[in-house]
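The values are calculated or read from the model by the stated rules, or taken from the named source; none is laboratory data. The structure presented is a predicted model; accordingly, all values stated were derived computationally and were not measured. Positions of Cβ are backbone-derived with ideal geometry, glycine not excepted, and every protein chain shown enters the neighbour counts.
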Amino acid sequence: MQELYKQLKEFGHVKINESLAKHTTFKIGGPADFFIEIIDNQKLIELLNFVNGAGIDYFILGGGSNMLFNDQGFKGVVIKVRTRKLITENNIIMAEAGVLLSKIVVEASKNSLSGLEWGVGIPGTVGGAVRGNAGAMGREAANCLEKIEMWQDGEVIEMTKEELKFSYRDSCIKNKGGVILKAYFKLVPAEKQTIMTAMTGYLKQRSGRYPAYPSAGSFFQNIDIAKWPGDLKALPEIFVERKKVPIGWLVEQLDMKGFAVGGAKISDEHGNFIINYKNATQTDILTLIETLKEKVYNKFGVELIPEVEIIN
Ligand SMILES: Cc1cc2nc3c(=O)[nH]c(=O)nc-3n(C[C@H](O)[C@H](O)[C@H](O)COP(=O)(O)OP(=O)(O)OC[C@H]3O[C@@H](n4cnc5c(N)ncnc54)[C@H](O)[C@@H]3O)c2cc1C
């Protein structure tokens, strides 16, 4: 343990038995054996080569805003990516993976570049947003991403947007693994005032919709209309137009807002938000979501798929 601690210190700031609850917006998670924060891209590559070569278990953490760790914690090394370089050249913003999404949204608006307005108010890093194809207001990361630089099995490779096979809250990185190092966003010049007005509008739409308690955002992916087993005519028209059945609506039909297990609860404000309202454990959350999944399946015949990354 002491030897590994010394080796890890070569790459960044290391903590032993660091509570993961402190590093996630859900405020849930036991201790990580080792927790290392990396601010330099080259050090990140070297660290990945080291842990990979030595066969040490590791987990990549961005902003921790889409994570549900278990209560026992993580046996191995949690690598918190805090790389921060951000360069704007012509219409392209290059951001290292640890840059906050909110930071590139502001950077784009300052430079009168449009395409990232939807990201206003979404927590987390560029790395997390690209891997999970984060989105809001009918837009998503894939819309303006050009390419990424990624570490995979000891190599640094470039992948284009097409190669990343983006779909709703998904990219091939989820299956293939790989650590995003940098992302390049191709934006469109626009009036600064128009960009600012759009962002203010989006922020207004978001305000009041989200509970004040710790959460990881929407817990489940909304249902693709093509997978809806029931009669589409029985659904509100807007769902068919938007091609998605919102989970919040299913929860309302089941009258399950406010349903609680231990310290976990379905938010009263937003039916797709599971909140940690009173020292919830991962077990509380998992028990709650199993009950919800079962009820949704029994009534509507659809399977709920988590958007949140669950580490059992
Ligand atoms: C209040 C609230 C509101 C939210 N609203 C939205 C919303 O409107 N739209 C939306 O899409 N999401 C939303 N989210 C969810 C969350 O903010 C996004 O999914 C975000 O993009 C996650 O980024 P992160 O850096 O926090 O990732 P993390 O939670 O740290 O990690 C998530 C996954 O990405 C992986 N990962 C992180 N960085 C890298 C990297 N560099 N390379 C490879 N893999 C990596 C992790 O290993 C993990 O598997 C919300 C969350 C909260 C708490």
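For Ala134, the requirement of being surrounded by 14 or more Cβ atoms within 10 Å (Cβ to Cβ), within 7 Å of the ligand (Cβ to nearest atom) and small (Gly, Ala, Ser) is met. The set of residues in region 150-173 being closer than 24 Å to Lys85 by Cα, in contact with a helix residue (DSSP H, G or I) (Cβ under 9 Å, 6 or more places away or on another chain) and not β-branched (Val, Ile, Thr) consists of Met150, Trp151, Gln152, Asp153, Gly154, Met159, Lys161, Leu164, Ser171. Are any residues in region 137-150 more than 8 Å from the ligand (Cβ to nearest atom) and over 21 Å from Ala198 (Cα atoms), and if so, which ones? Residues satisfying the conditions are Glu146, Lys147, Ile148, Glu149. Just the residues that are within 25 Å of Gly177 (Cα to Cα) and of a type in the set (Gly, Ala, Ser), please, taken from region 88-131. The answer is Ala95, Ala97, Gly98, Ser102, Gly119, Gly124, Gly127, Gly128, Ala129. Taking the condition more than 10 Å from the ligand (Cβ to nearest atom), surrounded by 16 or more Cβ atoms within 10 Å (Cβ to Cβ), within 24 Å of Glu307 (Cβ to Cβ) and not assigned by TED's automatic domain parsing to the domain that holds Asp170, does Phe74 pass? Here the answer is yes, as Phe74 does meet what is asked.
Within region 199-214, can one find any residue that is more than 20 Å from Asn272 (Cα to Cα) and in contact with an Asp or Glu (Cβ under 7 Å, 6 or more places away or on another chain)? Yes, that holds for at least one residue. If you go through region 8-31 and keep only what is of a type in the set (Gly, Ala, Ser) and closer than 23 Å to Glu307 by Cβ, you end up with Ala21, Gly29, Gly30.
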